[in-house]
Structure formats: structure tokens, C-alpha cells
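Below is one structure, written out as C-alpha cells, with a few remarks after it.
The values are calculated or read from the model by the stated rules, or taken from the named source; none is laboratory data. Predicted model only: the values in this text are computed from it and were never measured. Please note: Cβ atoms are built from the backbone with ideal geometry, for glycine as well, and neighbour counts cover all protein chains shown. Each accessible area value is taken on the protein alone, full model and side chains, heavy atoms only, with ligands, DNA and RNA left out. Shrake-Rupley method; radii C 1.70, N 1.55, O 1.52, S 1.80 Å.
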Amino acid sequence: MRVLTMLLGILLAWLPSPASAQTIRALFVGIDVYQYSSDNENKLAVFKDLKGAVADTVRFKNALREVYKLEVDRAIPDACMSTNAVSTTLTNTCATRTAILDGLDKMIDMSGPGDTLIFYFAGHGSQFSDDVKFRQASGRNSTILPTDARQPDALIDGDILDTELKAKKDRATAKGVYFVSVFDSCNSGTATRDGAAGQTRSVPILVAKPPERPQPAAPSGPGGGYWVHLAAAQDGEQAHEVGAIGQRAGVFTSALIATMQNKPFATFGDMIREVQAKVAARGHMSQNPVAEGELKASLGSKTRRAISFDAEAVGDTVTLKAGKLSGMTEGSLFALFPDQISAFTEGTKPLATARIASLDAYAAVLALDSAPLKPLSKALTAVETRHAFGDQLLVVANLATQDADRRLIKTALDGMAFVTQSGDAQMQVAIDPANPANALLLASDGTRVGDLGALSAPDFANKLGDRLKKVLRVQQLLALRTDVDQSAIRFCIDDSIYGPKKSECPALERGGQRVLKVGGNAFVTVENLGTAPRYLYVFGIDPTYGVALILPRPGENDDKIAPQRPHRIPDDPVVPTAPGQYRFVTIASEEQINAAALEQDGTNARGAVGCNTALERLLCSAKTGTRDPSAPKVGNWTAIVESVVVE
């Protein structure tokens, strides 16, 4: 919650006038006093009141006002609520479950596309065991505790569940709002808070089943919004506060304020990385602040489509924190920057350029092209400037019949080192019969994959090259597959959610494949069948060679999946939008990967891509478990590919 406040300040620093501050709204919640704590009405309770949460809320608000000139509401003496046109603050007895949820709804109702809504929470956090729906990889869902939580005769009802907060977030982003939440609480990686120094901000996990809340209506609106969540600690961790009574301060909050002061224009990703370093430097190694969502954005800014990678320089060695499982290849070129905001700012010169000299599943070693003008900082941001395909080639046929057209296509293809024009063609370039001035990209059976525009256009070669690179990237992703008998992964996609006690997916349909309908909901479940916890990632590949991350949800960082445990996303079904063959790649790894780096847009296909071309035969046969010899297995990871027909 505290992080959220800081971010708001950053946004204000960019705003041209005080009037534009009306596009930023905030709900601040700080709770020290709990009605049913052991300090008050419930002497049998196993949690106490807090000492520093309200003070943290005040410090955040003051920082926003002083550093970013944001006119947040001012406290009223002896009152637990204050409000103005910009923000509302709820503390202690005013911070009830109803008041918090109603306050969020009011802020969302007041906001429109391009507005920013900040939700800051400082107080107790907890979890409940999820043995029914398996939404969370950790097996536990998070909660935050309003002041009226944990009433003895209604133990669970007072907690605000992470699923309820997700519904608010989804409603806001559907309206085009930028929803930024900041929680200084225990277990807050997915929604909560805790503490130390003789005072803990955690509450024991709920052992009873969570209540079934009424399901909100599906969010609707123009879209275009995004969400960011900044948290003081990962799930299962405590968020520490230090200092004498009356001077308590959250470690996370203090680190965030210092970061805001030093880097006021940072992206969310830059900010959390700096906060993590500051918290660790203070010796709090058991507390790891985390962030999820659109981390390439800055407070109040639109999303950025660029992909960046963390890198680390130690002496003359630069290590890229991404490897083969994140789509990295030997020889690919990178530009190195001090942080994300520098990497994403047009015209900024990199500190150095480098290329991948060697790599394994999770990391790569970069060789600098030349010595940098000054020593590199330890933490760096890397942006790929050229992707190397090595000796991987795509066979492309030129089907133009007119000499002039053939020459233009041949010239474009000749300039692509990853293309050969002889052999069993995997893709074809042809003239559009409906518009002879334009070219088409086709599968070898004639299925239309994408429109290339006019042959005479100056960007024709670049457009064709970009489309063909997407096909090659799909090949690289699918070539990661390992033998099915070694996978220890179960993947299921179906138009219904099968029960957790059922160990197998419903029977496959035609030709041993799942058959789904265009526009219908499909639900994904994966299960770790191995003997050790693993991170699980699921990617969907559509008929246009688009690649989308399905699990974890984009922007989220799931925990490892325990052995013999399923994980599913019942609230976010996959909805196929076009007929054809779809592929689903599931990767199980012992370390996290940069999954966003593997995503890509499709190529505007019209119609299904079948199993007729050499490429599609490779993809369709991938479910048999045959491994591509060009991708030797390195490290403790496995990958499987499943095929689905959409009609």
C-alpha cells in the first residue's frame, strides 16, 4: 500500500499543472487498532494491535504532498476518516470491511480512462488454505484484515479476500483506469501484511474454508487500463517494522520513500528493484519485497510494449538473468542501460552493447563489444537489439509469376540470413489475387497466414522479415519440448472445470486431440507430477503464430507448485477467437524465467493453419514427445506441447 502512495507522487511530478492531479485518486488505509485483537474484545485472539501502520500511512501522504505536490486529504484531529477531491483516508475504527470495499467502488466510479487509482494498505495480513479451487500456486490465498476482521463468531467473514480485490482491480482496468495497489503487510505478495521488532503484522492462517462471496458482474468498459501491485513481502513472509514505540516505521515504507526521492521518474520495475536492495542492505534477508503487473510503466504513464531483462555486472563479467527458457540464443545482441526508464526513453545512449557468448536454461553470459566509458553499475537493464537464429533456417518459396514481382520478393528474402529459398518450403510468399499490388504470406498448403502489403512499399522487406521471425520464434519455443515420459507435468484444457479429486482430464475427442469452439470458454489446469516443487508456465500459440502467456497470469509471479498439486485459473478462461490448430506449451522449471519475453503478436491469419506444412507437421507431432535435436536439455526442467483443434 505504501509503495502505491510513492508511485502516486512520481506521477504528480510529471503532471503539468495542479488541475491534472484530478486524474489521480487514492484510498489510504492504515490500521493499528483491531476490534477483535487480544488487546481488545477478544482475549483469546492470537494477534495483537499494531503500533506503526497508521504512522506509515501519514508518512506516505506527507511524502506525496511535499515531494510531488499532490493535494491529498489532510487528517482531522481525533477523527478516523478524512477526504477531499483527490483522496480518502481510513484509519483504525473507520477502516471496516464495508468502508474499504465501498471506498474502492466509489473511487472506481469516479475514475475514467487514463486516470490512476492508488490503493494503499498498511495493517495485518493473513492467508487461507485453498484446497478447493487451486487458484494460487502456493496453495494459499491472501487476505487483508480490516479493523472488524476475525469476529469470534464469524472468523472468516471479516477478512477481505484477494479474489475480492481482484474483482475491483478488473473493474477498474476494464474502465481504462491504471490501478496501483501498495500493501505494507505480511503475505502481501498477492494481497496482505506483517512485522517484527517485537511486533508482528501477521495473523495466523485461516484453517476453515473461505466463504463463498457473491460473484460480481463481469467487468465491462473500453479497456486499456493496467494494474500494478507492490508488496512489502512475499507470501509466507513477514514485513518488518523497526524503531521504538511511537516511532515505529516500516522497513519497506522507508526504503520506498528513499527510492522515490532518489529516482522520482522510475518505472515500477526500477522502483521495486531499488527497494529490494535497500531492504536487504538493512539486514532483513527474510523479507523480500515483490511487484507484479505492468512494471515497465511509471506512475500515471501508459504501458510500454518493450521487453527488458535484468542483468548484473561483476567486474568484467555481465550476466543476463534470462536463458534458453526465456527465448535467449547465442549471438543475440543487447544494449545495456542503468535502469528501465533509461532503456525506454527514446534517444538515450546505452552504457555498453554486448552479445550472448554462452547460456544455459536460466542465464546467459554477455561479452561486451567494447570497454564501457565508465565502470558499469552492478544492476543493469538489458534490451535485445537483434535476435540471433544461429543455423536455424526457414524455407520460403517465392510464388510470384511476374518477373518484376519475383525480383522484389527475392531481393527481400536474400537479405535474410535465416531464410533459404530452396528445399521443402515451410512458408510461401504469393501475390494477392484480389489485389495484385499486394503480397501474402501463406503456409505451403496455401492457407493464408498474413497480409504483407504492397510489394513496392519501402518497408515490405522489414514487414516480411518480422513475420518470418515470428514463425522461427515459435519453432524455437516448441523445440524446447522434452520426452513426455520425463515431463512429470499434466496439462488439461477443457470447456468445463474438472474437479480436484479427478486425476485425469476428460477424454480427448477427434484424432486424440481436444476440440474447442470459437468464442467458447476453455479452462486450463496444470499439475506437477514430479517429486519436487516447480515453477509452471503455460503458453498458448494461436494459428497466426501469436504466443500468449496463460499461466501465470500476465504480470503475476506465482510460487512453485508443490508435487502432486493441480493449479488452475477458473476466473480467467481462455477464449479462442479463430478456428484452427492451437498449441499449448507447458514448462516446468526449478528457477523462474522471463515468460514475457516469449510472448508475441500473431500475423493476422485468416483461417486455420493445419498440419500440412513442414513447420505445422513439427508442431502437430510435438505432442508425441519427440525432441528437437537442436535443443539439448540443460538443467532441471521439462517442457511438453499439447495440440488443440478450435472449430
The distance between the Cα centres of segment 71-94 and segment 304-367, in whole Å, is 45 Å
When the charge dipole of segment 223-361 is computed with +1 at the Cβ of Lys and Arg and -1 at the Cβ of Asp and Glu, the Cα pointing farthest to the positive end, of 329, 234, 303, is that of 303
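Compare the peptides 373-380, 108-115, 33-40 by average per-residue count of other Cβ atoms within 10 angstrom and give them in order, highest first.
33-40, 108-115, 373-380
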Share of accessible surface on carbon and sulfur in segment 282-369, whole %, 1.4 Å probe and ligands ignored, is 49 percent
As straight-line cross-link partners of residue 517, the qualifying aspartates and glutamates (C-alpha separation under 14 Å, not fewer than 8 residues apart within one chain) are 494, 495, 509, 542, 647
Whole-percent carbon and sulfur contribution to the accessible surface of segment 376-419 (1.4 Å, no ligands, DNA or RNA) stands at 52 percent
Scoring segment 274-384 by relative contact order with C-alpha pairs under 8 Å, at least six apart, yields a percentage of 28 percent
Heavy-atom accessible area of segment 532-588 with neighbours in place, 1.4 angstrom probe: carbon+sulfur share in percent works out to 55 percent
Segment 43-100 accessible area per residue, 1.4 Å probe, protein heavy atoms, integer Å², reads 50 Å²
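Listed highest first by mean packing, meaning other Cβ atoms within 10 Å per residue, what order do 419-426, 179-186, 261-268, 437-444 come in? Kindly include the intermediate steps, with their values, before the conclusion.
Working: 419-426: 15.1, 179-186: 32.1, 261-268: 18.5, 437-444: 20.4.
By packing density, highest mean first, the sequence is 179-186, 437-444, 261-268, 419-426.
Under a 1.4 Å probe, what is the accessible area of segment 328-460 per residue, stated in Å²? Intermediate values should be presented prior to the final figure.
Values: 6480 Å² over 133 residues.
Spelled out: the 1.4 Å probe surface of segment 328-460, per residue, equals 49 Å².
Please state the relative contact order of segment 299-361 as a whole percent: Cα pairs under 8 Å, 6+ residues apart?
Values: 67 pairs, mean separation 19.8, N = 63.
Rounded, it is 31 percent for segment 299-361.
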Of the listed pairs 175/463; 61/263; 51/560; 51/106; 321/560, those with alpha carbons more than 25 Å apart are 175/463; 51/560; 51/106
